[in-house]
Amino acid sequence: HPGYGFLAENEILGEVCGYHNISLIGPRPNVIEALGDKLLAKEGARKAGVQTVPGTGEIKTEKEALTQASKLGYPIMIKAVACGGGRGIDSVKSEKALIPSYREIRTLAKQLFGNEIVFFEKAIDDYKHIEVQILGYGKRNVLHFYERDCSIQRRNQKLIEFSPADISESLRNKLIDSAINVAKYFNYTNAGTVEFLVTNEDVYF
């Protein structure tokens, strides 16, 4: 077991272990690769029938950044496709702040993750960050262990998590069904967490 952090999230380690007939406790390398890319993960969630936050594909130029941000409407979130740990993400509230933030996130993403690709999402206000714990055990069999509310954060990092979340039973069922559908689509194995933004009765992967 690689513990947590960079090795646990590195598909190359899984490939090397498989080559040497070592069983790695964690998702298969292709699943780590797909879910490690936020655009690929969102595409998979949509194919699984799960709603995602309105957003763009890769933003390649500053001109495209201005055009796409205007279409989405401010405020927006700039995200690196490979971001994690609260890094490589920024909230932009106006056109004036867009290009400096766009440049900064691309530079930071290349330094931290070796991948400067970024995309935009519509910023969602007044939301809850709720996660569902799942366990996949082969052939698209997935168990869930209910949800936890992770909304209390600082700098995009969770400070407190509690369970059960203060939500309706219908919303809880919607969250669980969405998490299981995503895990089944990717044929996820081992323990994992599927994260959502929740506003009223809307659930966004």
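Ordering Y185, Y146 from largest to smallest accessible area (1.4 angstrom probe), what's the sequence?
Largest accessible area first, the list is Y146, Y185.
Label point 7 Å out from K96 along Cα-to-Cβ: which residues of region 103-132 have amide N under 20 Å? Only 103-105 pass the distance filter. Solvent exposure of the chain, expressed per residue, is 58 Å² of accessible area, with all protein chains present and a 1.4 angstrom probe.
Straightening the chain between L135 and D166 buys 8.9 nm, computed as 0.36 nm per residue apart minus the Cα-Cα spacing. Each Cα pair of region 44-157 feeds into the Kirkwood radius, which the Stokes-Einstein equation turns, at 10 °C and 1.306 mPa s, into a diffusion coefficient of 101 µm²/s.
Of the residues I78, I160, I59, the one that moves most in a GNM of the chain with alpha-carbon contacts below 10 Å is I160. Dipole check for region 51-132: with +1 at the C-beta of Lys and Arg, -1 at the C-beta of Asp and Glu, and the Cα centre as origin, the magnitude is about 160 Debye.
Using a/c under 1.5 as the rounded threshold, could you call the chain rounded, prolate or oblate? The axes a ≥ b ≥ c are square roots of the C-alpha gyration tensor eigenvalues, and prolate needs a/b larger than b/c, oblate otherwise. Oblate, since a/c reaches 1.5 and b/c is not below a/b.
The charge dipole of region 8-91, taken about its Cα centre with unit charges on the Cβ atoms of Lys, Arg (+1), Asp and Glu (-1) only, comes to about 320 debye. Net length available on complete extension from K63 to H20 is 10.7 nm, with 0.36 nm assigned per residue and the Cα-Cα distance removed. In the assembled protein chains, L197 presents an accessible area of approximately 40 Å² (probe radius 1.4 Å). With 28 Å as the limit on Cα-Cα distance, the pairs of K42/K158; K63/K158; K42/K139; K79/K139; K79/K174; K139/K174 that go past it are K63/K158; K79/K139. Of K42, K79, K110, the residue with the largest accessible area leads and the full order is K110, K79, K42 (1.4 Å probe). The value of relative contact order for the chain, using C-alpha pairs under 8 Å at least six residues apart, is 21 percent. F145 sits with roughly 110 Å² accessible to a 1.4 Å probe, with DNA, RNA and ligands left out of the calculation.
The values are calculated or read from the model by the stated rules, or taken from the named source; none is laboratory data. Values in this document were obtained by computation on a predicted structure and should not be read as measured data. Here Cβ is always computed from backbone atoms with ideal geometry, including for glycine, and neighbour counts include all displayed protein chains. In case anyone asks, the SASA skips ligands and DNA or RNA and just uses the protein heavy atoms, side chains included. Shrake-Rupley method; radii C 1.70, N 1.55, O 1.52, S 1.80 Å.
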